[in-house]
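Shown next, in structure tokens, is the structure this report addresses.
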Amino acid sequence: MHRVGSANNGSNSSRPRKEKRLTYVLNDSDDTKHCAGINCLALLTSAASDGSDYLFTGSRDGRLKRWVLALDRATCSATFESHVDWVNDAVLVGDSTLVSCSSDTTLKMWNALSFGTCTRTLRQHSDYVTCLAAGGKNSNIVASGGLGGEVFIWDIEAALAPVSKCNDAMVDESSNGTNGPGNLLPLTTLHTINSSDNMSLNTTQTQGYIPIAAKGHKDSVYALAMNESGTILVSGGTEKVVRVWDARSGSKTLKLRGHTDNIRALLLDSSGRYCLSGSSDSMIRLWDIGQQRCVHSYAVHTDSVWALASTPTFSHVYSGGRDFSLYLTDLQTRESSLLCTGEYPILQLALHDDSIWVASTDSSVHRWPAEGCNPQKIFERGNSFLAGNLSFSRARVSLEGSTPVPVYKEPTLTILGTPAVVQHEVLNNKRHVLTKDASGSVKLWEITKGVVIEDYGKVSFEEKKEELFEMVSIPAWFTVDTRLGSLSVHLDTPQCFSAEMYSTDLNIVGKPEDDKVNLSRETLKGLLAHWLRKRKQRMGSPAPANGESLSGKDISSRSSSHSRIEVDGSSENDAMVYPPFEFSVTSPPSIITEGTHGGPWRKKITDLDGIKDEKDFPWWCLDCVLNNRLPPRENSKCSFYLQPCEGSSFQILTQGKLSAPRILRIHKVINYVIEKMVLDKPVDSLNAEGSFGPGVTGSQHQAVGDGSFRSGFQPWQKLRPSIEILCSNQASNILSYMQSYDCAVS
């Protein structure tokens, strides 16, 4: 799985420090939708908000969204973007604080009623943060658990003093991820439950924080739950036991054994006496914590149970999981009913009055009838069954063909998402990426603009890939992944500056056709165009001229520590963005990079303000965009052989290996061939069909593409002979970054 690298690079290390990576995530044309599975749901009702009911969704696309709920529709009113990996869980604390956790190892706190304001980032976990739990409305306690076996308990109002800047690695003001102004929330004493019963004080924390560490979980934590007052915490994970903790001290009180596989979901009643657990063993268990025993087990599902939601009185439970099914079970009578079945595994449930919101591995969220105020109405419809108490009993019933009939066939409301990208192929021109999404739709992306240039619909991905194959070779200057459900393009120095193309091949008007364009440099200019404009407005002057150092940062001295910095003299140093590199402002991509104070951050390019962000861009990125400097590149030439095509009467007047610069257009090879084969022949013997573009003649040293124009037109140029170059037995329009090709002439 993807891991977020640490930003702490020791200055005392003798090994070269790996430079920061810059990533940009391409967004769909409808940016109000999620583009990956929905991992979590949180509801803010009108009693605690501004009169509207809100649904918060957290997705594997790394974002949270707020939806204004109406009877027949849900409208996206805000996107919360700062996490750089999957959002795994979210809870609401108090009247307007949203807390989220992510696979990027952080927790983030947001003003839930803002337009996406991240007020604080908490960095304490050593691995993915998988789950959260919160007390009731009057509690300020939040617990977090993760794959590192750690559980932390946070009181978000205990620390009233401003956060010290000396320990940004754990808690900072998240200026990197702030999408707008917002009030800072006071943070708390941090209680830590680690893997030891011995209490220890972490003296490196900021003043006002007194974390307590205690051994407990020896492996990953997948589920947490807390009672209304925030005094009792339960946790579960791969150890197959439910652990009960005193949330006020972080001390372990007892273990509850009974499940035979990972525990994936937990619920506590308001008093903290009863606990419900759902497991990968397909069972739901009801525990009496006071008696320290399992009082009931329910064999309802045929596969892993991943989500639980209870009625306010804790009399009925709604459950969903890997079997795509949503069930309602009476905890007292054991009567169960299949409410609905879907097409994807269920990840999270949220009960809302007489409806229930269902999140799954799909990017859409569905609202189903649930009769939450009077669940007995569902059993009155019939088709219910009695839940067994052994896991195989439910499976046997299924095998016997007596599968329950769903009570509901269609949801009452669906919040549609965008199908996630599940397959991709970088084409040979290294500017286009072919993708296939979860619905089977195949699209062609231009990554230097961040847009879809062709939507082929539901066609064969492999056939389309073959159809788009080009006989061209360009260095791999970027890498791509689809972990977030969309294309994430990664740029690493110096590799990202290895690819160049001629301006004429990019259809750039106003530049000499033989000007070389560095694809990464121009892409960076396009990505940061908004930031450059903001910076120019702030400084009241144009971007610095070629060779000047950055204001506020000694990029020049930083660059000098890296030998042989090149100045890109082939292109003027201005903020002009050429059409092939203009990114959309209606669906702008998001930038992900590593912050100065140790944490990665993510923000839309149109939200970059030219003030706070400058210090967090990689120095090589700023040096390229502002100072026109590129990292050193080897001035390598490519060798190839030019031979007459089999059966051709042409003869090459020179023999041996030819050499060319690292980028070469085919018309230059054609001109070279004509020089060596046709130039001295009678004019009337030439074929007047076909055409070729003007180019550079071969030199006396058999170097192709680095000579100069002959004065005037030669007779053979006026007749425009037809020459075809075959590379590896295929016709080619461009030779770029060749690798010892055998080229034949016909």
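For the range 259-327, what value does the Rg/Rh ratio take when both radii are computed over Cα atoms and Rh is the Kirkwood radius, given to two decimals?
Numbers: Rg = 11.3 Å, Rh = 11.9 Å.
With Rg and the Kirkwood Rh in hand, the quotient comes to 0.95.
Please give me the summed charge of the neighbours of T313: other residues whose Cβ is under 14 Å from its Cβ, Lys and Arg +1, Asp and Glu -1.
Values: positive: R273; negative: E228, D269, D330, E371.
Result for the neighbourhood of T313: -3.
Per residue, how many Å² of accessible area does the range 451-531 show with a 1.4 Å probe?
Result: 39 Å² per residue.
Dipole of the range 215-372, Cα-centred, from +1 at each Lys and Arg C-beta and -1 at each Asp and Glu C-beta, to the nearest 20 debye? Could the numbers behind the result be given before it?
On the way: 15 positive and 17 negative charges, 180 e Å.
Dipole of the range 215-372, to the nearest 20 debye: 860 debye.
Can you list residues from other chains, or at least 5 along the same chain, whose modelled amide H is less than 5 Å from the amide H of T479?
H490
Using mean Cβ contacts within 10 Å as the protection proxy, how do 70-80, 216-226, 469-479 order, highest first?
Values: 70-80: 14.7, 216-226: 21.8, 469-479: 16.7.
Descending mean neighbour count gives 216-226, 469-479, 70-80.
Where in the range 402-439 does the label zone of T75 land, with the point 7 angstrom along Cα→C-beta and an amide N cut-off under 19 Å?
So the set is 413-417.
Please identify which residues in the range 414-442 have an amide N closer than 14 Å to a label point set 7 Å out from the Cα of V459, following the Cα→Cβ vector.
The answer is 434-436, 441-442.
By per-residue mean of other Cβ atoms within 10 Å, what is the highest-first order of 455-466, 375-386, 88-99?
Going from most to least packed, we get 88-99, 375-386, 455-466.
Determine one quarter of the surface area of the Cα convex hull of the range 410-453, which equals its mean projected area, and express it in nm² to one decimal. All intermediate terms of the calculation are to be shown ahead of the outcome.
Numbers: hull surface 15.9 nm².
Dividing the Cα hull surface by four gives the mean projection, 4.0 nm².
Quick check on my link table: of K20/K516; K65/K443; K240/K377; K449/K612; K65/K612; K65/K430, which ones sit more than 28 Å apart, alpha carbon to alpha carbon?
Details: K20/K516 26 Å; K65/K443 26 Å; K240/K377 35 Å; K449/K612 25 Å; K65/K612 24 Å; K65/K430 33 Å.
Exceeds cut-off: K240/K377; K65/K430.
How many percent of the accessible area of the range 236-357 is carbon or sulfur, using a 1.4 Å probe? Working shown, then result.
Details: 1780 of 4230 Å².
Here carbon and sulfur together make up 42 percent of the probe-accessible area.
Please compute the net charge surrounding L233, taking Lys and Arg as +1 and Asp and Glu as -1 over other residues with Cβ under 13 Å from its Cβ. Present the calculation step by step, with values, prior to reporting the outcome.
Details: positive: R243, R248, K252; negative: D155, E228, D246.
Result for the local shell: 0.
The values are calculated or read from the model by the stated rules, or taken from the named source; none is laboratory data. Nothing here was measured: the structure is a model prediction, and the numbers come from that model. Backbone-built Cβ (ideal geometry, glycine too); neighbour counts: all protein chains shown. For the accessible areas, the whole protein counts, side chains as well, though only heavy atoms, and no ligand, DNA or RNA atoms are used. Shrake-Rupley method; radii C 1.70, N 1.55, O 1.52, S 1.80 Å.
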